[in-house]
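These notes are about the structure you will find just below.
The values are calculated or read from the model by the stated rules, or taken from the named source; none is laboratory data. Everything quoted here is computed from the prediction, not taken from an experiment. Here Cβ is always computed from backbone atoms with ideal geometry, including for glycine, and neighbour counts include all displayed protein chains. Accessible surface areas use protein heavy atoms only, side chains included; no ligands, DNA or RNA. Shrake-Rupley method; radii C 1.70, N 1.55, O 1.52, S 1.80 Å.
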Amino acid sequence: MKYVDEYRDAALVWKLSTAIARATTRPWTIMEICGGQTHAIVKFGLDELLPKKITLVHGPGCPVCVTSADLIDQAVALALEQKVILCSFGDMLRVPGSGIDLLTAKARGGDVRIVYSPLDAVGIAQANPGREVVFFAVGFETTAPANAMSVLQAEREQVPNFSLLTSHVLVPPAMRAILGSPDNRVQGFLAAGHVCTIMGTQEYGPIAREYGAPIIITGFEPVDILEGILLCVRQLETGRCEVENAYARAVKAEGNVHARRIVEQVFSVCDRDWRGLGVIPQSGLGVRPAYAAYDATCRFPLKATGLPCATGCISGEIMRGVKKPHDCPAFGTRCNPEHPLGAPMVSSEGACAAYHRYRGRTLEPAVAG
Ligand code: SF4
């Protein structure tokens with residue numbers, strides 16, 4: 001398949017891993033931001049092809065993983081107390097809030113429906129004019145354009161019973177939070193290529209310079225990821241801290257200007273509480289006051305409980321690169337895909353789910369720290 005097979009070419013993978021080994025003289029810790037990249041690394045065993053001096057740690061780029069327990073609680077309250085039709089991507093249903101998850105809310109009579117697009121939720125609102133329909137809009141910059149479009153479509157087609165419960169988060173502020181934390185050990189980043197497809201690369205230069213960390217815009221196939229690591233190692237070894245685009249087949253410096261314009265029209269930047277990481281200033285997107293009619297937090301009397309998910313989950317430390325899934329005492333025992341204690345074991349992009357799926361519960365550390 002074009003754009004897949006050539007990026008899984010075994011000879012090229014071998015060549016790149018050899019080049020990385022030759023380029024590496026000192027220990028380096030590199031974080032891949034995106035959960036999709038984490039899954040590719042673990043699935044294809046890319047970390048095992050690297051020299052022991054290189055440690056890959058897994059970042060917060062899994063939207064399900066970083067959605068706060070508080071917002072899950074609000075989604076549950078919408079379904080059970082406000083009696084709305086709560087539409088969500090399927091991944092969110094088993095993520096624990098401070099109390100129950102959305103699947104349990106559904107079992108208790110809540111009208112919780114899985115959709116594959118926010119526009120499906122607009123369609124459900126049109127088909128049910130006597131009901132309120134809320135779409136649980138989670139995600140990074142990649143999903144924001146489609147969610148913004150759903151608001152514009154609802155406005156254009158005069159659908160008054162549709163609104164969003166937003167949990168949008170932004171990558172650059174999270175990178176700053178990780179690099180600025182006292183226990184940070186991340187020295188370079190593989191930035192998420194699909195986020196940059198929308199947003200471009202211009203936000204990353206100031207971060208690279210301020211924190212002295214190279215940032216490589218990276219894709220999702222084995223050749224993409226190894227190329228990103230090679231460029232990152234070369235920068236680290238030579239003391240450079242620049243932004244390089246290793247995903248030029250999809251990413252332009254300016255991003256997708258049309259998509260950005262739609263996002264800016266509907267959303268504005270706000271503070272956001274990240275599960276496991278806490279409140280990061282100016283790290284989220286909320287519905288602009290001009291579109292308050294489509295903002296569930298304005299339409300319904302929702303209370304922020306501020307309660308955490310009390311399971312002992314160490315996902316925050318994993319997403320800051322301080323620990324790995326197998327460092328969690330609950331991994332594979334009390335926490336598994338059938339009975340997840342934390343979001344990274346639920347989500348198809350979660351680091352714990354990746355380790356459990358591809359390496360099993362008896363995992364030994366794959367990469368020396
Ligand atoms: S194994 Fe489960 S409890 Fe431990 S960090 Fe991962 S999701 Fe959280």
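Quick check: convex hull of the Cα atoms in region 19-70, volume per residue, rounded to a whole Å³? Mind showing how you got there, number by number?
Working: hull volume 4.2 nm³, N = 52.
Expressed per residue, the convex hull around the Cα atoms of region 19-70 is 80 Å³.
Run lengths n ≥ 4 of DSSP H only: what is the helix-derived mean residue ellipticity at 222 nm for the chain, with -39500 (n - 2.57) per run over all residues, to the nearest 500? Could you put the intermediate results ahead of the total?
Details: 16 runs with 142 residues, N = 369.
That comes out to -11000 deg cm²/dmol.
One quarter of the convex hull surface, Cα atoms only: what value does that give for region 231-325 in nm²?
Working: hull surface 40.2 nm².
The directionally averaged projection comes out at 10.0 nm².
Need one number: the % of Cα-Cα pairs in region 115-163 sitting beyond the 15 Å mark.
Values: 426 of 1176 pairs.
Pairs farther apart than 15 Å: 36 percent.
Under 13 Å from the Cβ of SER150, count the other residues' Cβ atoms, weight Lys and Arg +1, Asp and Glu -1, and hand me the total.
Numbers: positive: ARG156; negative: ASP120, GLU155, GLU157, ASP295.
Result for the local shell: -3.
Under a 1.4 Å probe, what is the accessible area of region 1-125 per residue, stated in Å²?
Values: 5060 Å² over 125 residues.
Here the per-residue accessible area is 40 Å².
Given a 1.4 Å probe and every protein chain left where it sits, what share in percent of the accessible area of region 1-103 is carbon and sulfur? Write out the running numbers ahead of the final one.
Values: 2280 of 3950 Å².
Result for region 1-103: 58 percent of the exposed heavy-atom area is carbon or sulfur.
Give the Debye-formula value of log10 I(q)/I(0) at each listed q (0.13 Å⁻¹), with one equal scatterer per alpha carbon of the chain, two decimals each.
For the chain at q = 0.13 Å⁻¹, log10 I(q)/I(0) is -1.03.
Run the reach check for LYS83 against lysines, Cα to Cα strictly under 30 Å, same-chain hits fewer than 8 apart removed. What comes back?
Hits, sequence-local ones excluded: LYS106, LYS303.
Sorted by mean Cβ packing within 10 Å, highest first, what order do the peptides 189-198, 59-68 take? The partial results should precede the final answer.
Details: 189-198: 25.5, 59-68: 28.0.
Going by the mean number of other Cβ atoms within 10 Å, highest first, we get 59-68, 189-198.
Provide the percentage of antiparallel DSSP beta bridges, counting only those with both residues in the chain; round to the nearest 5.
Numbers: 10 of 42 bridges.
Taking every DSSP beta bridge with both residues in the chain, the antiparallel ones total about 25 percent.
Return the tail of the calculated pair distribution for region 256-301, meaning the percent of Cα-Cα pairs more than 17 Å apart. Each step should come with its number before you reach the end.
Details: 476 of 1035 pairs.
In whole percent, the share of Cα-Cα pairs in region 256-301 beyond 17 Å is 46.
Can you sort TYR3, TYR294 by solvent-accessible area, 1.4 Å probe, largest first?
Numbers: TYR3 130, TYR294 30 Å².
So, going from the largest accessible area down, we get TYR3, TYR294.
When the accessible area of region 216-324 is split by element with a 1.4 Å probe, what percent falls to carbon and sulfur?
Working: 2660 of 4950 Å².
Exposed carbon and sulfur together represent 54 percent of the surface.
Quick one: check the C-alpha center-to-center distance for region 217-257 versus region 1-21, whole angstrom.
15 Å
I'd like the distance between the alpha-carbon centres of region 32-86 and region 167-209, rounded to an integer number of Å.
Rounded to whole Å, the Cα centres lie 15 Å apart.
I need the fraction of alpha carbon pairs in region 158-216 separated by more than 13 Å, rounded to a whole percent.
Working: 1141 of 1711 pairs.
Of all Cα-Cα distances in region 158-216, 67 percent exceed 13 Å.
Less than 13 Å Cβ to Cβ from THR305, Lys/Arg counted +1 and Asp/Glu -1: what total charge do the surrounding residues give? Intermediate results must be reported in sequence, preceding the final value.
On the way: positive: LYS303; negative: ASP70, ASP73, GLU81, ASP273.
Neighbour charge sum, excluding THR305 itself: -3.
What are the lysines whose alpha-carbon lies under 17 Å from the alpha-carbon of LYS43, with same-chain residues fewer than 8 places away excluded?
LYS324
Counting Lys and Arg as +1 and Asp and Glu as -1, what is the net charge of the other residues whose Cβ lies under 15 Å from the Cβ of GLY276?
Charge balance in the 15 Å sphere: -1.
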